[in-house]
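A quick write-up on the structure given underneath.
The values are calculated or read from the model by the stated rules, or taken from the named source; none is laboratory data. Everything numeric here is computed off the predicted structure, so don't read it as measured data. Positions of Cβ are backbone-derived with ideal geometry, glycine not excepted, and every protein chain shown enters the neighbour counts. Accessible surface is based on the protein model in full, side chains and every heavy atom, while ligands, DNA and RNA are left aside. Shrake-Rupley method; radii C 1.70, N 1.55, O 1.52, S 1.80 Å.
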Amino acid sequence: MTPAPIRVLLADDEPMIRAGLRAVLTTDPGIEIVAEAGDGREAVELVRRHRPDVAVLDIRMPGTDGIAAAAEIRRSGLATGVLMLTTFGEDDYILRALSGGANGFLIKSGEPEELLAGVHAVAAGAAYLSPKVAARVVAHLAATGAGGPADRRAGAREQVAALTARERDVLTLIAAGLSNGRIARRLGVVEGTVKAHVSSILARLGVANRAAAAVLAHEAGLTLGANCAGGPRD
């Protein structure tokens, strides 16, 4: 049985950008574009009407921007995941969006494959940070955080060190953009166990969502090569 396509809403105030996004997404037969919006307010209205799996929102739009739209989608209790589009120089906007409910971030000038990967990841309930966004956010936090870059890295590593070994495995895979189901298969455990670990990780790190946890993992230097041996360890 063929799985249902991922239903996507696009929101950007520039028609040419929307056309480019549409052109990329329609190359994937597993994705269906159900609506397009020119600003955040229209995007929220169309999300309520169409209930898409993923809303791809420009982070900066006139009137209601992507950050406010993402927060409104979260307050509405809708299951739509939010994938935010940003450009270089919008680091403060990204940090605001992290606390506002965005599930993933892409640079507009990134590769088309990143857009497709981001939509699939967010639709599966994962966090998605393109490598360029992750690097920008970590650098921005290091430059603006109290005590300087070394202190921020040390603080992130201290937070991560307080997790169990299995929680660090799970956090590493969250940062890599894996969904709970894929994490479960990777580690050889049931998905319910992964969900419990994710809830514990968010609580112990004091972050609101998977995307914020992924940023902290990047700050701490967690990578698939450095962590996550796999296999039962619960």
Fill in: Residue, nearest to the chain's Cα centre (by Cα), within the stretch 95-113, restricted to residues that are at pLDDT 80 or above and open to solvent by less than 40 Å² (accessible area, probe 1.4 Å)
Gly104
Worksheet item: Do you know which residues across the stretch 51-65 are modelled with pLDDT of 90 or more and among the basic types (Lys, Arg)?
Response: Arg51
Worksheet entry | Residue tally, condition open to solvent by less than 50 Å² (accessible area, probe 1.4 Å), modelled with pLDDT of 85 or more and not in a helix (DSSP H, G or I), over the stretch 182-234 | 1
Worksheet entry | Filtered residues of the stretch 12-45 (kept if in contact (Cβ under 8 Å) with a residue 40 or more places away in the chain, part of a strand (DSSP E or B) and either open to solvent by 20 Å² or more (accessible area, probe 1.4 Å) or under 18 Å from Ser76 (Cα atoms) (or both)) | none
Worksheet, complete the sentence: The residue from Asp65, Asp92 that alone is open to solvent by less than 60 Å² (accessible area, probe 1.4 Å) and among the acidic types (Asp, Glu) is Asp65
Response to the item:
Counting only residues that are among the polar types (S, T, N, Q) and assigned to a helix (DSSP H, G or I), the stretch 164-181 contains a total of 2
Item to complete: Take the stretch 143-163 and flag every residue that is at pLDDT below 65, within 21 Å of Ala102 (Cβ to Cβ) and either open to solvent by 60 Å² or more (accessible area, probe 1.4 Å) or part of a helix (DSSP H, G or I) (or both).
Response: Thr144
Worksheet entry | Conditions (1) part of a strand (DSSP E or B); (2) open to solvent by 70 Å² or more (accessible area, probe 1.4 Å): number failed by Arg48 | (1)
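I'd like to check something: does the stretch 79-88 contain any residue that is more than 19 Å from Ala121 (Cβ to Cβ), open to solvent by less than 30 Å² (accessible area, probe 1.4 Å) and either touching a helix residue (DSSP H, G or I) at 6+ places or on another chain (Cβ under 7 Å) or not charged (D, E, K, R) (or both)? Can you show your working first?
The first filter runs over the stretch 79-88 and keeps only residues more than 19 Å from Ala121 (Cβ to Cβ), leaving 87-88.
From the residues that got through so far, the ones that are open to solvent by less than 30 Å² (accessible area, probe 1.4 Å) too are none.
Among the residues of the stretch 79-88, not one is more than 19 Å from Ala121 (Cβ to Cβ), open to solvent by less than 30 Å² (accessible area, probe 1.4 Å) and either touching a helix residue (DSSP H, G or I) at 6+ places or on another chain (Cβ under 7 Å) or not charged (D, E, K, R) (or both), which makes the answer no.
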